[in-house]
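Trainee: Here's a structure for you.
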Amino acid sequence: MKQDTLSMKWKNFVESRKPLIDDWKHTAYLWRKSKLTMIGTFVIVAFIIIAIFAPFIAPYDPIAQDLSKRLQPPSSEHLFGTDQFGRDIFSRVIYGSRIAIQIIVLVSIISGGIGTLVGVFAGYFGGVVDEVLMRITDMFLAFPSLVLAMAFAAAMGPSLTNTIIAISLVYWTVYARLARAEALRVKNMEYIEAERAMGASNFRIIFSHVLPMCISPVLVQLTLRMGTIILTAAGLGFLGLGAQPPTPEWGAMVSDGRNYLVDQWWISTFPGIAIAIVVLGFNLLGDGIRDMLDPRLRR
Amino acid sequence: MVTNNNVLIEINSLKKYFPVRSGIFLRVKKYVRAVDGVDLVIKRNETLALVGESGCGKTTIGRTILHLTEPTDGEVVFEGKNLTNASKEELMQLRKGMQIVFQNPYTSLHPRKLVKDIVGEPLKIHTNLSSVEILNKVKETLESVGLREEHMYRYPHEFSGGQRQRIAVARAIILKPKFIVLDEPTSALDVSVQARILNLLNELKEELSLTYLFITHDLAVVDYMADRVAVMYLGKIVELGKKDDIFSKPTHPYTRVLEAAIPIPDPFFKKEKILPKGEVPDPANPPKGCRFHTRCDYSIDKCEKVEPVLENIEGEHYVACHRWREIYK
């Protein structure tokens, strides 16, 4: 008897969520239709798996030096060869994915969070608040992003944490503009007016009604930007303003090998390929997600 | 101020001007006079219809009563309390007593919220009920507007226009308010659905002893719903009276034009057409004297100079026209 009512409840639950399930099925269908999005997804999934299982995949300690085996070309023993300190490049590339993920996640959370909040407040309140917040945003946008990130990183001193802070401080403007545009659109909708007629506070309206509407364009932009974040972090690393040695950061590794590029090409090439593949993967995935969420392509 | 137990809302010389900014420095160049000195009394348990064409200020009156827009001048008194100088806490209390149903049910419901959250929202704001109690209340309210329990876990886009408007009505009545502004609640719906929503509104009015301010441009609907009718033209009330008076003895020339525009569902019926001359004047720059004189067939010199005031014809029938004695038979 009890079993019966439970299964009934489950059936009702499934029934009530059917449109949602159909929606997901449709999304999966759109995903399968686009080869490039699938490739992007696989690359990123592989990237994440490699980062998680790095200690099991990497054959050597990424920072252990062995000067007797320095500058060896790729072989069965050292898949990607060794660098000028005799460190295994394959292991370093594998561990580098962890650094890259750390940067991406933290930068996305910090810059996405700051940007969305600033944008939503500016858009919702308008007037003076909007002017002040948006002029500050314009000040950040006035500089080329890499130059500004370099300035921040140099001012705060080179380290991984400061790289993350510097990149976040540069990229939040994009999300602020997006979130503001969405908040401007949403705040004049009748459901917000209805909320005001009920007597809801501004705080409540912003956080439980305006913000949820602003998040999806910001999320799409975040995935599209992840490639750029890696490139910027690698750029800072290459210039010596990012993660410090012996941290296996891809940009710094490319930089390490540039004096040996003619004779020992493998030192710079393999981390460079890793950067290229992951950035490409994120771009393909981001484009795919943007297309999938495009209402014109949906039913 | 007359304190009368029969009066729910009193509006005294209400004005709402919207500034028009232009030029490089966005100086205020002129004002659109959406509502320009309106006095109105809404009695308990009546349906007062506010009619007029687009842009005449009827929606602005509704929103100003609910304090969704601040009036430029004048006051709104709800159950003896003046809304225009009420404190935040007082306003919060007063908001429990009045609600609004919007014209377009496709934009008045949050697209990312479940129906239970949309309808339960007023309870979350105004009461400390637990989520289970709220859920029960929502269920009850949905049933009273003709929806079922299983609809609670769906999103607005899964409903038809009529059902969405039922959800909007449920949200408006869940706090058991005394007064609801109905801002063209059926204009966005199919004709077949309109009648059902109107019936629902009438039933709820009886059941919960509600008072409606029914804003519309559709006189056929007014005939079905209203007890009294106020006709607006360019921010002013030009005629006010019991529904039967307005329909049987329309006196203001503008009311007569509106009346003549009601379609009659009989293909062989040929009726005399009265069309007003020209277009509605710019509300930022209304005509001097009587605002209707530019389009009125009865216009005389006096109409261009002196603005008419609302005069009592008989009983509760008022009109703002210099020549009503000649027109009224």
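Trainee: Output the residues belonging to segment A:200-236 that are more than 10 Å from chain B (Cβ to nearest Cβ), open to solvent by 20 Å² or more (accessible area, probe 1.4 Å) and within 30 Å of B:Ala172 (Cα to Cα).
Mentor: A:Asn202, A:Phe203, A:Phe207, A:Leu211
Trainee: Also: Please tell me if B:Glu133 is open to solvent by 30 Å² or more (accessible area, probe 1.4 Å), more than 11 Å from chain A (Cβ to nearest Cβ) and either touching a residue at least 12 places away in the same chain (Cβ under 8 Å) or under 23 Å from B:Lys205 (Cβ atoms) (or both).
Mentor: Numbers: open to solvent by 30 Å² or more (accessible area, probe 1.4 Å): yes; more than 11 Å from chain A (Cβ to nearest Cβ): yes; either touching a residue at least 12 places away in the same chain (Cβ under 8 Å) or under 23 Å from B:Lys205 (Cβ atoms) (or both): no.
Here the answer is no, as B:Glu133 does not meet what is asked.
Trainee: To continue, here is another question. Are any residues in segment B:103-115 open to solvent by 50 Å² or more (accessible area, probe 1.4 Å) and more than 7 Å from every other protein chain (Cβ to nearest Cβ), and if so, which ones?
Mentor: Once the filter is applied, which keeps residues that are open to solvent by 50 Å² or more (accessible area, probe 1.4 Å) and more than 7 Å from every other protein chain (Cβ to nearest Cβ), segment B:103-115 yields B:Gln103, B:Tyr106, B:Pro111.
Trainee: Do we have any residue at all in segment B:250-258 that's touching a residue at least 60 places away in the same chain (Cβ under 8 Å) and touching a Lys or Arg at 6+ places or on another chain (Cβ under 9 Å)?
Mentor: Yes - at least one qualifying residue is present in segment B:250-258.
Trainee: Okay, moving on. Mind listing whichever residues of segment B:37-49 are closer than 20 Å to B:Glu311 by Cβ and either in contact with a Phe, Trp or Tyr (Cβ under 8 Å, 6 or more places away or on another chain) or open to solvent by 60 Å² or more (accessible area, probe 1.4 Å) (or both)?
Mentor: B:Asp39, B:Leu48, listed by residue number.
Trainee: List every residue pair whose Cβ atoms sit under 8 Å apart, with the two residues 6 or more apart in sequence or on different chains, where the first one lies in segment B:137-163 and is in contact (Cβ under 8 Å) with a residue 24 or more places away in the chain and surrounded by fewer than 18 Cβ atoms within 10 Å (Cβ to Cβ) and the second, anywhere, is of a type in the set (Asp, Glu) and assigned to a loop (DSSP other than H, G, I, E, B).
Mentor: Once the first residue is in contact (Cβ under 8 Å) with a residue 24 or more places away in the chain and surrounded by fewer than 18 Cβ atoms within 10 Å (Cβ to Cβ) and sits in segment B:137-163, its partners that are of a type in the set (Asp, Glu) and assigned to a loop (DSSP other than H, G, I, E, B) give B:Gly161/B:Asp190.
Trainee: Further, regarding this structure: Would segment A:20-33 turn up any residue that is in contact with a helix residue (DSSP H, G or I) (Cβ under 6 Å, 6 or more places away or on another chain) and within 14 Å of chain B (Cβ to nearest Cβ)?
Mentor: No; the residues of segment A:20-33 include none that is in contact with a helix residue (DSSP H, G or I) (Cβ under 6 Å, 6 or more places away or on another chain) and within 14 Å of chain B (Cβ to nearest Cβ).
Trainee: Is it true that some residue in segment B:169-186 is closer than 26 Å to B:Cys56 by Cβ, touching a residue at least 40 places away in the same chain (Cβ under 8 Å) and among the polar types (S, T, N, Q)?
Mentor: The answer is no; no qualifying residue exists.
Trainee: Specify the residue that is farthest from the chain's Cα centre (by Cα); the eligible residues are those in segment B:202-220 that are open to solvent by 40 Å² or more (accessible area, probe 1.4 Å) and aliphatic (A, V, I, L, M).
Mentor: Ranking the candidates gives B:Leu208 first.
Trainee: Looking at (1) in a helix (DSSP H, G or I); (2) over 27 Å from A:Leu211 (Cα atoms); (3) in contact (Cβ under 8 Å) with a residue 60 or more places away in the chain, can you tell me which one B:Leu198 breaks?
Mentor: Going through the list (1) in a helix (DSSP H, G or I); (2) over 27 Å from A:Leu211 (Cα atoms); (3) in contact (Cβ under 8 Å) with a residue 60 or more places away in the chain, B:Leu198 breaks only (3).
Trainee: Given the criterion touching an Asp or Glu at 6+ places or on another chain (Cβ under 7 Å) and within 16 Å of A:Ser168 (Cβ to Cβ), identify the matching residue among A:Gly242, A:Gly235.
Mentor: A:Gly242
Trainee: Quick one: how many residues across segment B:164-183 are open to solvent by 40 Å² or more (accessible area, probe 1.4 Å) and of a type in the set (Asp, Glu)?
Mentor: So the answer is 0.
Trainee: Okay, next question. Within segment B:276-313, how many residues are open to solvent by 80 Å² or more (accessible area, probe 1.4 Å), assigned to a loop (DSSP other than H, G, I, E, B) and in contact with a helix residue (DSSP H, G or I) (Cβ under 6 Å, 6 or more places away or on another chain)?
Mentor: Looking only at that region, the number is 1.
Trainee: Something else: Of everything in segment A:39-59 that's surrounded by 14 or more Cβ atoms within 10 Å (Cβ to Cβ) and of a type outside the set (Gly, Ala, Ser), which residue is nearest to A:Met292 (Cα to Cα)?
Mentor: If we take residues in segment A:39-59 being surrounded by 14 or more Cβ atoms within 10 Å (Cβ to Cβ) and of a type outside the set (Gly, Ala, Ser), then A:Thr41 is nearest to A:Met292 (Cα to Cα).
Trainee: So, in segment B:54-85, how many residues would count as being over 25 Å from B:Leu219 (Cβ atoms), away from chain A (no Cβ under 12 Å) and aliphatic (A, V, I, L, M)?
Mentor: The number of residues fulfilling the criteria is 3.
Trainee: A further question on this structure: For segment B:184-195, which positions are outside any loop (DSSP other than H, G, I, E, B) and open to solvent by 60 Å² or more (accessible area, probe 1.4 Å)?
Mentor: Result: B:Val191, B:Ser192.
Trainee: Hey, another quick one. Looking at segment A:90-199, what helices (runs of 4 or more DSSP H) fall wholly within it and have at least 3 residues that are over 30 Å from B:His126 (Cα atoms), in contact (Cβ under 8 Å) with a residue 12 or more places away in the chain and open to solvent by less than 70 Å² (accessible area, probe 1.4 Å)?
Mentor: In segment A:90-199, A:127-141, A:145-156, A:160-187 are the helices (runs of 4 or more DSSP H) which contain 3 or more residues that are over 30 Å from B:His126 (Cα atoms), in contact (Cβ under 8 Å) with a residue 12 or more places away in the chain and open to solvent by less than 70 Å² (accessible area, probe 1.4 Å).
Trainee: Scan segment A:26-38 and tell me whether some residue there is among the charged types (D, E, K, R) and open to solvent by less than 40 Å² (accessible area, probe 1.4 Å).
Mentor: No, segment A:26-38 has no match at all.
Trainee: Considering each of B:Met92, B:Met98 in turn, give the residue that is more than 22 Å from B:Glu316 (Cβ to Cβ) and crowded, with 20+ Cβ neighbours inside 10 Å. Break it down stepwise before answering.
Mentor: On the way: B:Met92 fails: crowded, with 20+ Cβ neighbours inside 10 Å.
Of B:Met92, B:Met98, the one residue that is more than 22 Å from B:Glu316 (Cβ to Cβ) and crowded, with 20+ Cβ neighbours inside 10 Å is B:Met98.
Trainee: Determine whether segment B:226-234 contains at least one residue that is under 23 Å from B:Gly57 (Cβ atoms) and part of a helix (DSSP H, G or I). Don't jump to the end; show me each part of the working.
Mentor: Going residue by residue through segment B:226-234, those that are under 23 Å from B:Gly57 (Cβ atoms) are B:226-234.
The next check asks that each one be part of a helix (DSSP H, G or I); those that pass are none.
Looking through segment B:226-234, none of the residues is under 23 Å from B:Gly57 (Cβ atoms) and part of a helix (DSSP H, G or I).
The values are calculated or read from the model by the stated rules, or taken from the named source; none is laboratory data. Values in this document were obtained by computation on a predicted structure and should not be read as measured data. Cβ atoms come from the backbone with ideal geometry, glycine included; neighbour counts cover every protein chain shown. Accessible surface areas use protein heavy atoms only, side chains included; no ligands, DNA or RNA. Shrake-Rupley method; radii C 1.70, N 1.55, O 1.52, S 1.80 Å.
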